[in-house]
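Here is the structure we will look at.
The values are calculated or read from the model by the stated rules, or taken from the named source; none is laboratory data. Computed from a predicted structure; not experimentally measured. Cβ placement follows ideal geometry from the backbone for every residue including glycine, while neighbour counts extend to all protein chains displayed. These accessible areas exclude ligands, DNA and RNA; they are computed on the full protein's heavy atoms, side chains included. Shrake-Rupley method; radii C 1.70, N 1.55, O 1.52, S 1.80 Å.
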Amino acid sequence: MFNKINDSIIKDLIAICGQNNVLTCREEIAGYSYDEYVNQLPGCVPEVVVRPGSTEEVSAILKLAEENRVPVTPRGGGTGLAGGCVPVHGGIVLSMQRMNRFLEMDRKNQMAVVEAGLTLGEFIQAVEKEGFYFPPHPGDEGAMFGGMIATNAGGSRAVKYGVIRNYIRGLEVVLSGGQVIHPGGKLIKNSTGYNLLHLFIGSEGTLGVITRAIVQVMTRPTFLRTMVIPFNSIEQAIDNVPLIFEKGIVPMAVEFVGLDVIQLTEKHLNLNWPSHQGEVHLMVIVDSPSEDDLSRMTDQIADVVLENGAVDVFVADTKAKQDEVLKIRSEIYEAIKKETVDILDICVPRSEIPGHMRKVQEVAQRYDLWLPSFGHAGDGNIHIHLMKARYEKGQMVPVSYEEIKDRLEAARQELFKDAAARGGVISGEHGIGLYKKNYLSLSLEAGQIEMMKRIKQALDPQGILNPGKIF
Ligand SMILES: Cc1cc2nc3c(=O)[nH]c(=O)nc-3n(C[C@H](O)[C@H](O)[C@H](O)COP(=O)(O)OP(=O)(O)OC[C@H]3O[C@@H](n4cnc5c(N)ncnc54)[C@H](O)[C@@H]3O)c2cc1C
């Protein structure tokens, strides 16, 4: 279906990007074969990696690729958790790492203009220096703007502040064949024709290569407080989440996390979580420009949860204590990654979380599996971990993957089906990529999948952009 990269294509790529930015040596390209998904498919190696330095260079590469019918896989920070940037058909990996400029801070419009290779960490530093704030925070600051936009990344602050989609006002996109388009702009409103901007957001590199973005920023909420609230059961913890919202409080984040993974992460980092009581903890972050308002919110939340089964309430009110809690929460994945087979990214309506979590417990028991689950309780996005380990006396005890792989697969499918039956989806923020594509039909109607395929065909008739993904 695709052609192989030959010497003439390499010569043309060098003419476009320069010798130093066309990599073919095995050792150099090996690092562009995978992302952060834990159970990678072997053998997905690019034939060549190119590192363009401008939109014109990206355009020339896509023109060349289409003329020669070779696949192109865009790559950002490689922090994805769905195999989205894995070059499953070889060909060209288009690394955006050199296009990392912060181009403009438009103070009047409170919008920044960035190149797609700028990382989240670099962006946060730059906007904070200018006195602004960027609320979405997908957990790995090595993620690049192109990747975050292409996956419509979320993070724990989505409950109050939304996801990346809510902050992207305009894009520069290079289409298959090399045409450059600019959907959106420095606009708050736009009802002019079909919304192509939002078509590219979440398109996982299959419809076009994002080269620039116009990003909304906001003024900084001045004060933050982090609460840690232990409960004796997951049901109690989750049942409290809607009660907080019913008080009219919208926290910046509401996360739930089991004591099993907290203790493993404490050991991994040599840090201390504020409480070891109960079984499952809620971590609630509230923010406000007024300290009095913050106290009112934390008092109200404490009253509600203590009336409804909370074992205790801890408030981290200094930056050091807040940082420690956040560090532990953010590093859970690293602490258990070694024995993780897959991290699910199911999203259900918030009201369905208790029912779905009951299903998770029932499935774990029936298949005799350890399925540690934590996630964004405030927005319905739950990360259930399929593990090749048991949890015994505070330790992860590895078990043979071969022995449990069929049970893990059965559990995964039951949970995906349960989510769908509750009006949920199989990915809330990581995308479908390579590793979830076989389950797409559990989440979407056949008619929707067909429509998506027709859009792909219209924008990329030769199918060279990130082939083998989503469908
Ligand atoms: C520890 C950890 C915590 C995480 N926490 C979160 C979280 O809380 N929320 C969340 O949403 N995600 C989270 N992630 C996942 C990951 O960080 C996000 O999916 C992120 O958006 C990926 O960005 P990236 O630049 O690394 O993209 P990559 O992994 O390089 O690529 C992801 C996809 O985007 C495409 N792509 C990349 N650049 C472009 C471009 N310029 N144009 C078109 N397509 C492009 C790729 O082809 C691929 O399909 C986490 C990951 C880790 C390792």
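Among 279, 450, 204, what's the order by accessible area (1.4 angstrom probe), most exposed first?
279, 450, 204
Through the Karplus equation 6.51 cos²θ - 1.76 cosθ + 1.60, θ set to phi - 60°, convert the phi angles of the range 215-230 into ³J(HN,Hα) values in whole Hz; use x for Gly and Pro.
For the range 215-230, the Karplus curve yields 10, 6, 10, 9, 6, 6, x, 6, 10, 9, 9, 10, 10, 10, 10, x Hz.
In a shell of Cβ-Cβ distance under 11 Å around residue 354, excluding residue 354 itself, what net charge do Lys and Arg (+1) and Asp and Glu (-1) give?
Local charge sum for residue 354: +1.
Using the Cα centre of the chain as the reference point, and only Cβ charges (+1 on K/R, -1 on D/E), how large is the resulting charge dipole? Debye, rounded to the nearest 20.
Numbers: 48 positive and 59 negative charges, 224 e Å.
Using only the charged Cβ atoms, the result is roughly 1080 debye.
Taking only protein heavy atoms into account and a 1.4 Å probe, give the accessible area per residue of the chain in Å².
Ligands and nucleic acids excluded, the result is 43 Å² per residue.
What FRET efficiency, computed as 1/(1 + (r/R0)^6) with R0 = 56 Å and r the Cβ-Cβ distance, is obtained for residue 410 and residue 322, rounded to the nearest 0.05?
My answer for the efficiency is 0.90.
Below 14 angstrom from the Cβ of residue 331, what's the summed charge of the other residues (Lys, Arg +1; Asp, Glu -1)?
Charge balance in the 14 Å sphere: -3.
Can you give the relative contact order of the range 359-471 as a percent, counting alpha carbon pairs under 8 Å and 6+ residues apart?
18 percent.
Which one, 238, 451, 105, is farthest towards the positive end of the dipole of the chain when Lys and Arg carry +1 and Asp and Glu -1 on their Cβ?
451
Restricting to Cα pairs below 8 Å that are 6+ residues apart, what does the relative contact order work out to for the chain? Please round to a whole percent. Could you put the intermediate results ahead of the total?
Working: 989 pairs, mean separation 74.0, N = 471.
Relative CO of the chain lands at 16 percent.
With a ≥ b ≥ c taken as the square roots of the eigenvalues of the C-alpha gyration tensor of the chain, please select rounded if a/c is under 1.5 and otherwise prolate if a/b is larger than b/c or oblate if it is not?
Verdict is prolate for the chain.
Along the Cα-to-Cβ line of residue 54, 7 Å from the Cα, sits a label point; which residues in the range 73-111 have backbone N less than 19 Å from it?
The answer is 95-104.
Could you tell me which trypsin sites (Lys or Arg not before Pro) in the range 1-81 are loop residues by DSSP with no more than 15 other beta carbons within 10 angstrom of their beta carbon?
4, 69
Run the accessible area of the chain with a 1.4 Å probe and give the carbon-and-sulfur part as a rounded percent.
48
Based on the alpha-carbon gyration tensor of the range 223-330 and its eigenvalue square roots a ≥ b ≥ c, which shape applies: rounded if a/c is under 1.5, prolate if not and a/b is larger than b/c, or oblate?
Because a/c hits 1.5 or more and a/b fails to exceed b/c, the range 223-330 counts as oblate.
Loop-only GluC sites (Glu not before Pro) in the range 1-95, please: DSSP not H, G, I, E or B, and at most 15 other Cβ atoms within 10 Å. Could you put the intermediate results ahead of the total?
Details: sites: 27, 28, 36, 47, 56, 57, 66, 67; in loops: 36, 47.
In loop regions of the range 1-95 (DSSP not H, G, I, E or B), there are no sparsely surrounded GluC sites (Glu not before Pro).
For the range 346-399, which GluC sites (Glu not before Pro) are in a loop by DSSP, counting at most 12 other Cβ atoms within 10 Å?
Values: sites: 352, 362, 392; in loops: none.
For GluC sites (Glu not before Pro) across the range 346-399 that sit outside H, G, I, E and B with at most 12 neighbouring Cβ atoms in 10 Å, the list is empty.
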